[in-house]
1. Long-range amide H contacts for Ala130: which residues qualify at under 5 Å (H placed 1.01 Å from N, peptide plane, sequence gap of 5 or more or a different chain)?
2. Rounded, prolate or oblate: pick one for segment 33-167, where a ≥ b ≥ c are the square roots of the eigenvalues of its C-alpha gyration tensor, a/c under 1.5 means rounded, and failing that, prolate if a/b is larger than b/c, else oblate.
3. Quick one: net charge of Arg87's neighbours, Cβ under 13 Å, K/R +1, D/E -1?
4. Normalise the Debye intensity by I(0) for segment 95-148, one equal point scatterer per Cα, no solvent, then take log10 at q = 0.13, 0.27 Å⁻¹ and round to two decimals.
5. Quick query: amide H of Ala59 versus all other amide H atoms, modeled in the peptide plane; which residues come in under 5 Å with a sequence gap of 5 or more or a different chain?
6. What list of ³J(HN,Hα) couplings, whole Hz, do you get for segment 55-67 from phi and the Karplus terms 6.51, -1.76, 1.60, once you set θ to phi - 60° and write x for glycine and proline?
7. Using only protein heavy atoms and a 1.4 Å probe, report how much of Val150 is accessible, in Å² to the nearest 10.
8. Give, as a single signed number, the net charge of other residues whose beta carbon lies under 10 Å from the beta carbon of Ala97, with Lys and Arg counted +1 and Asp and Glu -1.
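The values are calculated or read from the model by the stated rules, or taken from the named source; none is laboratory data. These numbers were taken from a predicted model, which means no experiment stands behind them. Glycine also receives a Cβ, built like all others from the backbone with ideal geometry; neighbour counts cover every protein chain displayed. Please note that ligands, DNA and RNA were not included when accessible areas were found on the heavy atoms of the full protein model with its side chains. Shrake-Rupley method; radii C 1.70, N 1.55, O 1.52, S 1.80 Å.
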Amino acid sequence: MRSRVRPRTDDDVRACVRVLAEVHRRDGYPVNWPARPGEWLTRASALGDWVADLDGRVAGHVGLTRGGEGDLAPVLWGERNGTSAERAAVVGRLFVAPWARRHGIGALLMGRAVEEARHSGLHPVLDVVASDTAAAALYERLGWTRLATVEQRWSASQVVTVHCYSA
């Protein structure tokens, strides 16, 4: 099987939403299904978005953004390193199709996001829900450091435990 990572195009969004729906059904990611998943993937603060193709099919996705409201990893990384959270870039919207797993696609996508962050002079960080043990295991295999585990209030009725990581 042949895989490659390339910039996401507008033409890829529909395939990405289909893959995301498969991931949500199987793994519960994202925790809260977005009302407009295409918009959720193409938020305005993006520094870049990439897809992985496996044998010509969209098999995964990753994005890189500036930190926003509720992103704790940039703040924690900045405090730990005596610098501004503005010097961090948040890796997110990472998912790999269930049929494409065990081909190194998650690592390829993470590598592309890290490369872009560093090329931009930013340090890659991320938040992941603690219940997503497969994602946390990937980040740790790739050498990421867990900065903290915190509780986040996502709504009046939802509190989620989140791990914050730094590359």
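1. Those qualifying (amide H under 5 Å, at least 5 residues apart or on another chain) are Thr161, Val162, His163.
2. On the way: a/c = 1.45, a/b = 1.26, b/c = 1.15.
Rounded is the answer for segment 33-167, as its axis ratio a/c remains below 1.5.
3. On the way: positive: Arg66, Arg80, Arg118; negative: Glu79, Glu86.
Surrounding charge for Arg87 is +1.
4. -0.35, -1.24
5. Ala52, Asp53, Leu54
6. 6, x, 10, 5, 10, x, 8, 8, x, 9, 9, 6, x
7. That residue has around 40 Å² of solvent-accessible surface.
8. On the way: positive: Arg18, Arg26, Arg57, Arg101; negative: Glu22.
Around Ala97, the charge tally is +3.
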